[in-house]
Amino acid sequence: MKRRTSSLIALGVIWLSVPAAAWGTIVELKNGMRLEGSVGKIASMSDDPLKTPTAGAVDNQLIVLVDNDLKRTFVSTYQVQDVQEAAPTPVERIKIDQRVATSGRSVHAVGEGIRVTPWDEYGRRIYSMQTARGPVDVIQGITEITPEWTRVEGLMSDSPYVWDMRIRTSSIPRDKLSEILMRRIDAKDAAQRLQIVRLYLQSERYRDAAAELSALMNDFEDLKKQFGKQYDELIQLSATTLIDEVELRKDTGQHNLAYGMLNKFPGDKVASSTLLKVKSMLTEYQTAYERRDKMFNLLKEHLEAFADPAQKPIVEAAMAEMEAELNINNMDRLGPYLRLSDDPSLKLDEKLALAISGWILGPNSAQENLVVALSVYQARDLVSDYISNRNDVDRRAILEKLKGMEGGAPVYVAKILQFMKPPLGNAEPETASEIPGYYLMRVPGVPGRSDFFYYVQLPQGYDPYRKYPTVMTLHGAGTTAEQQIDWWAGSHSEKAKIRTGQAARNGYIVIAPMWAEEHQFEYNYSAYEHAAVLFSLRHALRHFSIDTDRVYLSGHSMGGDAAWDIGLAHPDLWAGVIPIVAKADKYVARYWENARSVPLYFVGGELDGNKRELNSRDFDRYLTKTNFDTTIVEYRGRGHEHFQDEIQDIFRWMDIHKRNFFPKEYEVVSMRPWDNFFYWLEVNDFPERSLVLPANYPEPKKSPVKITAKVLATNGVLVNSGTGKANIYLTPDIVNFDERMTITYDGRNYGNGVTPSTEVMLEDARTRADRLHPFWAKVDTNDR
């Protein structure tokens, strides 16, 4: 847990009589993650993490285990950057008296949850689960509460179960947690009341800690002098937390919300330095709005002075668009124009050119030639029409127009694609909701089958001029796409008129395809299921402003199985894959090497049947070999459930993972004909010895086709695949088109006469829908 160390030291008086310390070992990973807990090593994920290793076994223990009492996290020793022994942080532990079951049936596996009642005021609930013997009800009680985790145990009953599970303390509703704590302590005992203050403080619930300390001082007059300063510091910590929230909303593009929070910022007992920061942030917003107004006035002034009758209609159209759509997310495009607007050496048409070209191509490509600027402005609309048009004849006509325009050159079209709004952003959804930004979308399906559908939730303040990180989430058996949206984005608050979950806070788009057939209870590894996910992704890319380098695939249960398989089958599409309570089967075992190309974050429960044993073969591959960025999280005493507890750590992991679409070298495998596109390479005609369809799986004598690709320092690429033919796509990130290049595929050279093509670029943007990384040229090995 993140700690405000200096603030906690300042509140040292409150730490009197604090119980045992928390873990002091910090493991820093190469991907930027930090893990804290008790550290050990194991040789295999099938090993018992609690068992002491035998003599001589340590040498092959390449899996690092970090246990923080809530969960165990497993990573590869090859991914560890540093291990630090830090001073342990004191942690409050509050015991709750319960009649704990010490005899009876021991819970060795937790079946799928049927019903879990809410916590009552005594910290008890009923957990109903499905077992081989039928439904079972277990009475559970909270027996220990810490800032990070809460211990839940089976209680005495007519049919007791011995069960020790851990949940994140923050998963207990705040009001209910307070009620449970207040029933546990003697309200007339100041020392016990201070326990609750310390617990809230260490949980970073500063407002709750301040409220409890205030109530304590009101009940014990003699404590006001002793704890008055600590109360003020808690108010300051609460204000600092609010500042952090404002900065998060600002950084994620939720400017109206951030600005409103700043205007309503509480000032009572808040340090002057904090209030100065609030004032500075308000001034920053005000400066931005004044800068925008200045741009408006300059554009109006320059337009009125512009007199060329032939060009003025187009200039007026461009100016009207900027006036209508210029905002805090895109006004940096006019930065060069604003900076040079009063330069006497620039002519009027050159200034207007800077504005228009910057608006279309971005600030780094703004130029002073008005003819070019107007050409790219007109080309932008044609580009949008092309990639959104499904008629071949119409597209050919558009392409002919672009070929006759300077703005239709590949160097300009690439920038147009990067900075344009989604081409179908104004299309009507299948259905809209009363919840802002929540839509059901229809996707044309595969021939002969019905259309696909997906739900999408846009973040508050969504702006098509801003690129958003995105989660694609796949539901499990018996759950729905709507529930997946709620899991990630939170429920909708009628009072606040916003969703309150982590995707909403962090400014993520959430997409939930309705990917499975009705009454489907297991993932089938089929082309249809892949299409349901990938077609939905491409449809969303055409309709919404998505950062294609930050798309994360996740799923629960059966959906987790799908996410694992689809993530390995198409590793170039994802910044990371998060399978939750997933199991490895079929192609996952054959595609394990592809996990080197995509970060993986698994979440599961210690008691989820034999899931760890089923997955151990593939987990061991990821954790005992080099160059795998894999994290496996296992909650103690938990089974097959949704693991909402983990969502904040998942977002921390996603925030530090971004896709590298142009690796210098990669190696992948495939066994299905639709798993054939990897980064800039599309392979076809798989050899029969490598082709296995899901209906025929397994075919033990067949092995995956291995594809290796490398970008050469000598201006070329080298590909070996063993397939019949391929399309190799090129960009300036891969080769220099102005120099001689070598394109070698399975020993043959195809590098002669390769030049950038607007047609190739537009077809790629139309079909793949990745406007951030369009391909410039195509080498078809079948043509040579």
Taking only pairs six or more apart or across chains, which ones have beta-carbon atoms under 9 Å, a first residue in the stretch 124-145 that is closer than 15 Å to S171 by Cβ, and a second residue that is of a type in the set (F, W, Y) and not in a strand (DSSP E or B)? R125/W119; Y127/W163; Q140/W163; I142/W119; I142/Y122
Residue check, A86 against (1) small (G, A, S); (2) within 34 Å of the chain's Cα centre (by Cα); (3) at positive phi, all met but one. Which one? (3)
Give me the pairs: first residue in the stretch 429-450 and closer than 16 Å to Q484 by Cβ, second residue of a type in the set (D, E) and in a loop (DSSP other than H, G, I, E, B), beta-carbon distance under 9 Å, and six or more apart or on different chains, which are they? Y439/E430; L440/E430; M441/E430
For the stretch 683-702, which positions are surrounded by fewer than 16 Cβ atoms within 10 Å (Cβ to Cβ) and either assigned by TED's automatic domain parsing to the domain that holds W574 or free of Cβ contacts under 8 Å to residues at least 60 places away in the same chain (or both)? N684, D685, P687, E688, R689, L693, A695, N696, E699, P700, K701
Can you find a residue that is surrounded by 13 or more Cβ atoms within 10 Å (Cβ to Cβ) and in contact with a Pro (Cβ under 7 Å, 6 or more places away or on another chain) anywhere in the stretch 423-430? yes
Can you find even one residue in the stretch 270-279 that is assigned to a loop (DSSP other than H, G, I, E, B) and more than 16 Å from Q502 (Cα to Cα)? yes
Within the stretch 742-765, work out how many residues are crowded, with 19+ Cβ neighbours inside 10 Å and charged (D, E, K, R). 1
Just one listed residue, out of L242, L216, is modelled with pLDDT under 95 and either buried (at least 16 other Cβ atoms within 10 Å of the Cβ) or in contact with a Cys (Cβ under 6 Å, 6 or more places away or on another chain) (or both), and it is L216
Checked the stretch 474-524 for anything basic (K, R), in a loop (DSSP other than H, G, I, E, B) and at pLDDT 95 or above; matches are none
How about the stretch 171-198: which of its residues are of a type in the set (S, T, N, Q) and in contact (Cβ under 8 Å) with a residue 60 or more places away in the chain? S171, Q195
In a helix (DSSP H, G or I), within 30 Å of the chain's Cα centre (by Cα) and without any contact (Cβ under 8 Å) to a residue 24 or more places away in the chain - does that describe any residue in the stretch 281-302? yes
Quick check on the stretch 736-759. Is at least one of its residues at pLDDT 95 or above, touching a Lys or Arg at 6+ places or on another chain (Cβ under 8 Å) and not hydrophobic (A, V, I, L, M, F, W, C)? yes
Select from the stretch 377-400 the residues that are farther than 24 Å from T548 by Cα, charged (D, E, K, R) and surrounded by 15 or more Cβ atoms within 10 Å (Cβ to Cβ) and list them in ascending order. R395
Suppose we keep only residues that are surrounded by fewer than 16 Cβ atoms within 10 Å (Cβ to Cβ) and within 35 Å of the chain's Cα centre (by Cα) within the stretch 730-741. Which one would you say is nearest to V393 (Cα to Cα)? P732
Output the residues belonging to the stretch 245-266 that are among the polar types (S, T, N, Q) and surrounded by fewer than 20 Cβ atoms within 10 Å (Cβ to Cβ). N256, N263
Quick count over the stretch 294-351, residues being among the hydroxyl-bearing types (S, T, Y) and closer than 28 Å to Q418 by Cβ, is 2
P469 vs (1) more than 23 Å from S384 (Cβ to Cβ); (2) out of contact with any strand residue (DSSP E or B) (no Cβ under 8 Å at 6 or more places or on another chain): all pass except (2)
Going by the structure shown, is I356 within 24 Å of L417 (Cα to Cα), surrounded by 13 or more Cβ atoms within 10 Å (Cβ to Cβ) and over 33 Å from the mean Cα position of the chain (by Cα)? yes
Out of T708, T742, T714, sole residue that is under 22 Å from E593 (Cα atoms) and of a type in the set (V, I, T): T708
When you scan the stretch 44-55, do you find a residue that is assigned to a strand (DSSP E or B), crowded, with 20+ Cβ neighbours inside 10 Å and either touching a residue at least 24 places away in the same chain (Cβ under 8 Å) or not assigned by TED's automatic domain parsing to the domain that holds I145 (or both), even just one? no
Is there a residue in the stretch 329-349 that is outside any helix (DSSP H, G or I), surrounded by fewer than 19 Cβ atoms within 10 Å (Cβ to Cβ) and among the hydrophobic types (A, V, I, L, M, F, W, C)? yes
Output yes when any residue across the stretch 200-210 is assigned to a helix (DSSP H, G or I) and surrounded by fewer than 22 Cβ atoms within 10 Å (Cβ to Cβ), and no when none is. yes
Out of all the residues in the stretch 585-597, which are hydrophobic (A, V, I, L, M, F, W, C) and surrounded by fewer than 23 Cβ atoms within 10 Å (Cβ to Cβ)? A589, W592
Any chance the stretch 566-574 includes a residue that's within 25 Å of S388 (Cα to Cα), in contact with a Gly (Cβ under 8 Å, 6 or more places away or on another chain), surrounded by fewer than 24 Cβ atoms within 10 Å (Cβ to Cβ) and aromatic (F, W, Y)? no
Any residue in the stretch 147-158 that's farther than 17 Å from Y635 by Cβ: show its pairings with residues that are of a type in the set (A, V, I, L, M) and in a strand (DSSP E or B) at Cβ separation under 7 Å, as long as the two are six or more apart or on different chains. L155/V100; L155/I139; S157/I139
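The values are calculated or read from the model by the stated rules, or taken from the named source; none is laboratory data. Note that the structure is a prediction, hence the values are computed from the model and not measured. No Cβ is skipped: glycine too gets one built from the backbone with ideal geometry, and neighbour counts run over all protein chains shown.
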